[in-house]
Amino acid sequence: MTAIHSNKILFVGGKGGVGKSTSSAALAVASARSGHKTLVVSTDPAHNLGDIFHKEIKHEKTKLQENLWGIEVNPERESKRYIQGVKDNLQGLVKSRMVEEVHRQIDMASASPGADEAALFDRLISIILEEADQFDKIVFDTAPTGHTIRLLTLPELMSVWIDGMLERRKKITDNYTELLNDGDPVDDPIYEVLQKRKEKFTAVRDIILDSRQTGFIFVLIPERLPILETKQAIKQLAQHALHVKTLIVNKVLPEHADGAFLEKRRKQEKNYLDEIDYEFKRQQTIKVPLFEEDVSDMDKLSIFADHLSTLLKEDAAK
Ligand SMILES: Nc1ncnc2c1ncn2[C@@H]1O[C@H](COP(=O)(O)OP(=O)(O)O)[C@@H](O)[C@H]1O
Ligand SMILES: [Mg+2]
């Protein structure tokens, strides 16, 4: 499996609060620092990339520093825009008497489970397909584990969804052909639009599944639940042929932390670190110490980035 330094696209996942956004930002900073044009994208509705960089990051590329740009994708906004886009797209294509029925179908579809994710994924797709040429590295800061897995496995789901739509379209078209009864089958350009979307999904799926292009990193902390969840997630992703190559073990008690209380915690932590070594033999792991304070400014982020920079070097040891 290719090491992540050579991957253009990196997905950073993990449980809420373990340090995904911090790690994504730090990886992006490390990459930008080494002269690579880098884009960091947040797909977590609980955005904090902007807080980390102390800059408002918009839904379009925002320059953060030399070689570094950021995007925050807002799923709700994307969902609305997506639905409107679909409607606009169809406006010119659908015979006027069909518009109402088509809109009704779209609204129904937009309320169905997974629609927000579909919209989010749509944005993700365009970022991957449109920005990949412009950047050396794209880091995705993703939502907590469950959402991310759903998101990454969405191309499969979407195919099913689109197939359903295609089928429904076909039925309606057949009905209209019958209704109008002028012998000619009704043209259905929507069918084509849906088919094109399906092709786009497939293109992105191919990129995500290619371990030379895309790498998956999980962030965890040395505690029981994050370890369990990470194990679970790695297994689940593997079922979809997505392989997590790298683990960032964050908030490890530093050597110099002293006191009887911390000593006790360190003992417990040792067990968990051993467990991590044992459970995740197939992953490259990198440890980042717990800082005295939150990683809330560029100085601290820069130190965090130092800890991750070996991940981006060619000779990164396994
Ligand atoms: N190594 C660390 N030492 C101290 N604080 C950290 C460390 N890593 C992350 N944090 C802090 O933990 C909190 C959660 O981190 P964040 O990156 O937002 O997590 P997530 O994106 O996984 O929800 C933030 O306040 C962040 O500054
Ligand atoms: Mg976050």
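Any read-out appearing in this document is the output of simple, stated calculations on the displayed coordinates, not a laboratory observation. As the structure is a computational prediction, the values presented were derived from the model and not from experiment.
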Mean Cα-pair separation over length for the chain, i.e. relative contact order, pairs under 8 Å, 6 or more apart, %: 28 percent
Using distinct alpha-carbon pairs, which all enter the 1/r mean, Kirkwood radius of the stretch 5-47 in Å: 11.2 Å
Radius, Kirkwood style, for the stretch 189-318 when every pair of distinct Cα atoms is counted (Å): 17.3 Å
Long-range tail of P(r) for the chain (Cα pairs > 30 Å, %): 40 percent
Bins of 10 Å from zero: percent of alpha-carbon pairs in the stretch 1-89: 16, 43, 29, 11, 1
All-pairs Cα distance distribution in the stretch 1-159, expressed in whole percent, bin size 10 Å: 10, 36, 32, 15, 6, 1
Helix-only [θ]222 nm of the chain, DSSP H runs n ≥ 4, -39500 (n - 2.57) each, per residue, nearest 500: -18000 deg cm²/dmol
5 angstrom amide H check on residue 252, placed H, neighbours 5+ away: 288, 290
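Once the Cα gyration tensor of the stretch 196-273 is found, what semi-axes does its equivalent ellipsoid get, as square roots of 5 times the eigenvalues, in whole Å, sorted largest first?
For the stretch 196-273, the semi-axes come out at 38, 12, 8 Å.
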